[in-house]
Structures are given as C-alpha cells and as structure tokens.
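Note sheet for the following structure.
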Amino acid sequence: MSSYTRRVTPPQPLLERYRDLLARDGEPFPISLGEGATPLIHARRLGAELGLAHLYLKFEGTNPTGSFKDRGMVLAVNRAVGAGARAIVCASTGNTSASAAAYAAAAGLPCHVILPAGKVARGKLAQALAAGARLVMVDGNFDAALTAVRRLGEDGLAVVVNSINPDRLEGQQTGAWEVVDALGRAPDALALPVGNAGNITAYWRGFGRYADEGRTPGNGRPRMLGFQADGAAPIVRGEPIEAPETVATAIRIGNPASWDGAVAARDDSGGLIEMVTDEEILTVQRMIVQLEGVFCEPASAAGVAGVRRLAAERRIGPAEVVVCVLTGHGLKDPDAVQGEEGTLVPIPADLGSIREAMEL
Ligand SMILES: *Cc1c(COP(=O)(O)O)cnc(C)c1O
C-alpha cells in the first residue's frame, strides 16, 4: 500500500469521528470510502399508516457499498492492514463480500469469498466480482461456508472479516452512536432484521457504551426489537435450522454466530425477537419505497414489518420514538421487486396513443 493517507471529504471519515471510542493508542486508519453518516429519516407517511408519530428510518443503503457492513469492515480491514495481512477472506450471503471486496481493493489486498451455492442476490455478486474478489462457491449453506473460513483463519492464510472478527461488531456500534447523535437521545425502541445476529449485538453494545460514557442525553437505552424470517428463525424457534429459506437472502441463516449476543440484547433491553413472513416482508418493502421513497432490500424490510405488527397489536405505543434500521439498498436485489416491467408492450409514439395508455 502507498504511504499517503486517503482522504474522503465530506464527511469526516467514520473512524476519525469516533476515534476516541474506537482507536487503540494512536493507531492509524488510512482506509476510508466515506462510510457512515447515513440519514435518519422521519417517516411521516409510513408512520401515519402504521399509527406511529415518531417513526424513523436509519437508511444504511447510502453506505459506500450499499449496506451497514461497511461500518465494521472499515475497521476490520484497517486493522488487517496494520497487522500486515497478506489477504482477507469471508463467507458471505452477499453484502459482507461486497464490502470486503471494496475495502480490500482500497487497501491493495486480495479478497477471497466463500459463498454458499444457490440464492445470492445479483447486485451483491456483481459488486464482489467488479472489485476483483476471488469467488469460491461451495455446495452447502452459509453455515458450512463459515466453518471453512474459520479454519482458513486459524491456519493463518488470511484475515477473516466475518463478524466472528471482533473488529466488525466494534465498528458496527457506530450505527447506534449516530442514532443517538441525530435524535439527541436514545430511541424508545430500535428494530432491525436478525441474520447472523451481529448487528443486533453491536447496536445493543453501542447504546450501552454511549450511555456509560455519558454521551447519551438522558442515559436511555432502547428496547431491542429483532426480526427473523419465519423460514429462517432459529432464535425464535430455539434451535438451528438445517435448511433456512426466505426471499430475504441477507438473513437466510440457520445457526447465527452471535446467537448469545442477540439473546442478551433482547433480554437485557426488555425487547423481543420474533418472526415475520416473506409476504409481510415484500409488502412492507413496497410500502417503505412507495410511501417514503426509500428503496431497501427485502431483509431490511423485516424490521419494519415487525414494527407494523407490534403497532397494530398495541405492543408499541403511538407516541414512542421508534427507529428501524434499513440495513441495505434495494438495488442489490432487483429480482425481488415485483413490477410490471415484464408485461410492457410498446405502443405507437403519438400523443393520442400515449394519453390513452396513461388513462388521462
Ligand atoms: C448482513 C445483513 C443483515 C443481517 O445482519 P446480521 O448482523 O447478520 O444479523 C440484514 N440485512 C442486510 C441487508 C445485511 O446485509
């Protein structure tokens, strides 16, 4: 890697903004792609539909590779560089590999991705390929891919950047810190999808750390509301799922690495982890973009789908401050969108025909 420090302006790089909470005695953070500083959007129209006056969307799709994975990846790759790593490796259903490939490219390191055969969203695969990652597809599920990656890490062949790398979850705490900084308080509840369960673990730690440091006005912490897809709900069902299935490929995980962290977040916060159906996920994905203009991927909609149900059942009050983390961008998974594209038939280009077709 060259000796210059890469600067991305604006905004101030995430790791510099929270350097006092993240850095080990003056360590350098030369790599940044401009991650973090994602918008917290007051969702007035969606909130009205759900009966919530203070519903906010933390849209992680504006991160450099389009998902929250960049928050932890930037720290993991900076530390891998600092440790003299020769390569990085991850198992991934998509977004981790897209993020790892980008940060590895910026660091000048080779990136190896072990991915499970079958459904990987098209946009995510394109990102890893475009950035020059080396892909190995295995005939097994995500959990099998992760087992292989752990072994490669133990053998010292590459630095593992899955969330079993503690730098990942450490960096992901910044999502919680930004929410508190933007609201000027902790929310009453924070909802998010749960796959490998790293993010719910990191958010809960992040809220705790910020309050302990005296940086959360009022010292509050939210109830943590985690949602799994009903075909991939090991934590809700209390046992690993052999063959998880859901349209929300980012949370198609049968045996979460951070299972204990998720249970602690749920229990210590007085929260819950429940499940939603694929149908609810796709309906709510459409509601979010059609009411708010925010296009997220299916997994991201799981958190809002859960909140919708809790609000309908009066398990969330209408005046509570609720933040839903929209974990990834909708463009990553264009095949999940059901539209009329396939049925479009050209008509004559004259104004009369066009008016008629527009039903004006
Ligand atoms: C990784 C990911 C999740 C799941 O997060 P975990 O930390 O594995 O629970 C959800 N949504 C998107 C878009 C993701 O990329």
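The values are calculated or read from the model by the stated rules, or taken from the named source; none is laboratory data. Computed from a prediction, not measured in an experiment: that's the story for all the values here. When we count neighbours, we look across all protein chains shown, and the Cβ atoms used for this are built from the backbone with ideal geometry, even at glycine. For the accessible areas, the whole protein counts, side chains as well, though only heavy atoms, and no ligand, DNA or RNA atoms are used. Shrake-Rupley method; radii C 1.70, N 1.55, O 1.52, S 1.80 Å.
Quick notes on this one:
- Hey, V307 within 16 Å of the ligand (Cβ to nearest atom) and not in a helix (DSSP H, G or I) or not: no
- Checking each residue in the stretch 287-308 for being more than 19 Å from S99 (Cα to Cα), charged (D, E, K, R) and in contact with a Lys or Arg (Cβ under 8 Å, 6 or more places away or on another chain) picks out only E292.
- Within the stretch 30-68, the residues that satisfy the criterion of being out of contact with any strand residue (DSSP E or B) (no Cβ under 8 Å at 6 or more places or on another chain), within 20 Å of S163 (Cβ to Cβ) and either outside any loop (DSSP other than H, G, I, E, B) or open to solvent by 20 Å² or more (accessible area, probe 1.4 Å) (or both) are L33, P64.
- Looking only at the stretch 220-250, and only at residues there that are at pLDDT 95 or above and part of a helix (DSSP H, G or I), the one that is farthest from the ligand (Cβ to nearest atom): R237
- Sole residue being crowded, with 24+ Cβ neighbours inside 10 Å and touching a residue at least 60 places away in the same chain (Cβ under 8 Å), chosen from R71, R79: R71
- Test: residue in the stretch 191-198 that is closer than 17 Å to A87 by Cβ and within 16 Å of the ligand (Cβ to nearest atom): no
- Count of the stretch 284-304 residues which are outside any loop (DSSP other than H, G, I, E, B), more than 14 Å from Q228 (Cα to Cα) and within 12 Å of the ligand (Cβ to nearest atom): 2
- Some residue of the stretch 261-270 being of a type in the set (A, V, I, L, M, F, W, C), outside any loop (DSSP other than H, G, I, E, B), farther than 23 Å from D143 by Cα and in contact with a helix residue (DSSP H, G or I) (Cβ under 6 Å, 6 or more places away or on another chain): no
- Test: residue in the stretch 160-181 that is assigned to a loop (DSSP other than H, G, I, E, B) and without any contact (Cβ under 8 Å) to a residue 60 or more places away in the chain: no
- Some residue of the stretch 121-131 being touching a helix residue (DSSP H, G or I) at 6+ places or on another chain (Cβ under 9 Å), of a type in the set (A, V, I, L, M, F, W, C) and touching a residue at least 60 places away in the same chain (Cβ under 8 Å): yes
- Selection within the stretch 250-288 - open to solvent by 50 Å² or more (accessible area, probe 1.4 Å), more than 22 Å from P240 (Cα to Cα) and touching a Phe, Trp or Tyr at 6+ places or on another chain (Cβ under 8 Å): D268
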